[in-house]
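Comments concern the structure below.
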Amino acid sequence: MSSPVNIRQLQTSAPGFDAEFQRVLHWSAEEDHAIEERVKAILADVKARGDAAVLEYTARFDALEAASVAALELSRDELKAAFEAITPAQRSALEAAAARVRAYHERQLEACGRSWSYRDADGTLLGQKVTPLDRVGVYVPGGKAAYPSSVLMNVVPAQVAGVGEIVMVVPTPRGEKNPLVLAAAYVAGVHRAYTLGGAQAVAALAYGTATVPRVDKITGPGNAYVASAKKHVFGQVGIDMIAGPSEILVLADGSTPADWVAMDLFSQAEHDELAQSILLCPDAGYIAEVKAAIERLLPGMPRQGIIRASLEGRGALIRTRSMEEACEISNRIAPEHLEVSSRDPHRWEPLLRHAGAIFLGAYTSESLGDYCAGPNHVLPTSGTARFSSPLGVYDFQKRSSLIEVSEAGAQVLGTIAAELAYGEGLQAHAQAAEFRLSANNTKGGAR
């Protein structure tokens, strides 16, 4: 018989709740200086020696020997062969998930990813030109954690945005390739793929080598070395985000079967020991039911050791005074995944301001969002949903302002600009505007 799960049980009405609550939320993102130093050395080496350094680190860290980096490139035919070799059920699931992800991001493109312009009454044109990035790199885990869903979530929105070339890197320790990852790359439409991983893969994408093309932005999850490398190359290239441990917060009114909620808490806890699973509910009896379900269901989970460590280390079952208070606390947490497990989730949704993704209703498990609902599963963590958004089409585009000032418009705007420029002590700015004023322009217009 397994020992009880020592998950924290808190009450918002109890003295000292705030201090205990902060201990639950605390996660140290302090850098491991040994990792930082190793990563900086790898980045510098790849920048200086290119392919040769990439090959050395791939042999050292992935036990994968190759005569050249070109030999580590996966052809489109190899990706297609992987797709054809998986089971019909897997092929169908990949294609269905990709179609839903594509449909969602096409809607996103229509909503926010188009160029626009308008003219003032005087004929001045103002607008925004939206253009896709030329080339992006997608990092896909391929060691202990191999996620074909991450291929879809990173590649499909880049495709929808119109990115010219999508380059995928995926580690294959000892040469072991995950067929579902390769099949997902085929379905999603990756243009080039290399069996490279770690900080050396990030460096190759950021700086370019004789074989690996330099990209404009790098997206996708990875281990501590990958996260550190992305942080250090930011500025040289764009990145999506620096992600922390996975999180789920469930707001429950007691109407959902307790087993369902317990399993939803498990769904994030099984990622790793630092993942966070929290339940907020005003019903003490229901919290007891969920706790009993955790005890009953945990022994049947293949990753029960990881789940237990996560729940005991960073999990919590919190009794609130009301659902309104639960929503307030949710906004303080700003979770990655937020489930509103309620009879009437739309009653509470307007109160929720900060979350990476909001899952409404008892039937909307977070796992559906991870794989096939349609919205992106690359989400802000560690409270950054207060100011960050999910990965989307907009991450693979850039915006340029369009300004075309008419002669009439220059008379109005030139006077305003000159006044402000003189106030800032920038005479050339002011005179550049004044030269275009009719009173100063004896030729009556541009030549």
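Here the condition is being in contact with a helix residue (DSSP H, G or I) (Cβ under 6 Å, 6 or more places away or on another chain), in a strand (DSSP E or B) and small (G, A, S); of A210, A199, A193, it holds for A193 alone. Could you check how many residues of the stretch 46-65 are free of Cβ contacts under 8 Å to residues at least 12 places away in the same chain and closer than 16 Å to T211 by Cα? Number of matching residues: 4. Taken over the stretch 340-385, the criterion of being over 30 Å from D134 (Cα atoms), in contact with a His (Cβ under 9 Å, 6 or more places away or on another chain) and not assigned by TED's automatic domain parsing to the domain that holds C327 is satisfied by G383 alone. Within the bounds of the stretch 28-35, is there any residue that is outside any loop (DSSP other than H, G, I, E, B) and of a type in the set (D, E, K, R)? No - not one qualifying residue is present in the stretch 28-35.
When residues in the stretch 37-86 are screened for being under 29 Å from the mean Cα position of the chain (by Cα) and either of a type in the set (S, T, N, Q) or not assigned by TED's automatic domain parsing to the domain that holds A210 (or both), 2 of them pass.
Report yes if some residue within the stretch 242-257 is under 30 Å from R135 (Cβ atoms), touching a Gly at 6+ places or on another chain (Cβ under 8 Å), touching a residue at least 60 places away in the same chain (Cβ under 8 Å) and buried (at least 22 other Cβ atoms within 10 Å of the Cβ); otherwise report no. Within the stretch 242-257, not a single residue is under 30 Å from R135 (Cβ atoms), touching a Gly at 6+ places or on another chain (Cβ under 8 Å), touching a residue at least 60 places away in the same chain (Cβ under 8 Å) and buried (at least 22 other Cβ atoms within 10 Å of the Cβ). The sole residue among A410, A446 that is modelled with pLDDT of 95 or more, under 29 Å from S115 (Cα atoms) and not aromatic (F, W, Y) is A410. There is at least one residue in the stretch 15-23 that is assigned by TED's automatic domain parsing to the domain that holds A292, farther than 28 Å from A243 by Cα and either touching a residue at least 12 places away in the same chain (Cβ under 8 Å) or surrounded by fewer than 12 Cβ atoms within 10 Å (Cβ to Cβ) (or both).
Against the conditions (1) touching a strand residue (DSSP E or B) at 6+ places or on another chain (Cβ under 6 Å); (2) surrounded by 21 or more Cβ atoms within 10 Å (Cβ to Cβ), G356 satisfies every one except (1). For the stretch 100-123, a residue qualifies if it is of a type in the set (G, A, S) and surrounded by 15 or more Cβ atoms within 10 Å (Cβ to Cβ), and exactly one does: G113. The residue of the stretch 380-431 that is surrounded by the fewest Cβ atoms within 10 Å (Cβ to Cβ), among those that are closer than 30 Å to P335 by Cβ, among the hydroxyl-bearing types (S, T, Y) and out of contact with any helix residue (DSSP H, G or I) (no Cβ under 7 Å at 6 or more places or on another chain), is S389.
Among the residues making up the stretch 287-346, those that are of a type in the set (S, T, N, Q) and either touching a strand residue (DSSP E or B) at 6+ places or on another chain (Cβ under 9 Å) or not in a helix (DSSP H, G or I) (or both) are S310, T320, S322, S330, S341, S342.
Kindly establish whether T384 is under 28 Å from C112 (Cα atoms), free of Cβ contacts under 8 Å to residues at least 60 places away in the same chain and of a type in the set (V, I, T). The answer is no for T384.
Restricting the stretch 66-99 to residues that are part of a loop (DSSP other than H, G, I, E, B) and either out of contact with any helix residue (DSSP H, G or I) (no Cβ under 9 Å at 6 or more places or on another chain) or hydroxyl-bearing (S, T, Y) (or both), the residue that is nearest to A210 (Cα to Cα) is S68.
The values are calculated or read from the model by the stated rules, or taken from the named source; none is laboratory data. The structure displayed is predicted, hence computed values, not measured ones. Every residue, glycine among them, receives a Cβ derived from its backbone with ideal geometry; neighbour counts consider all protein chains shown.
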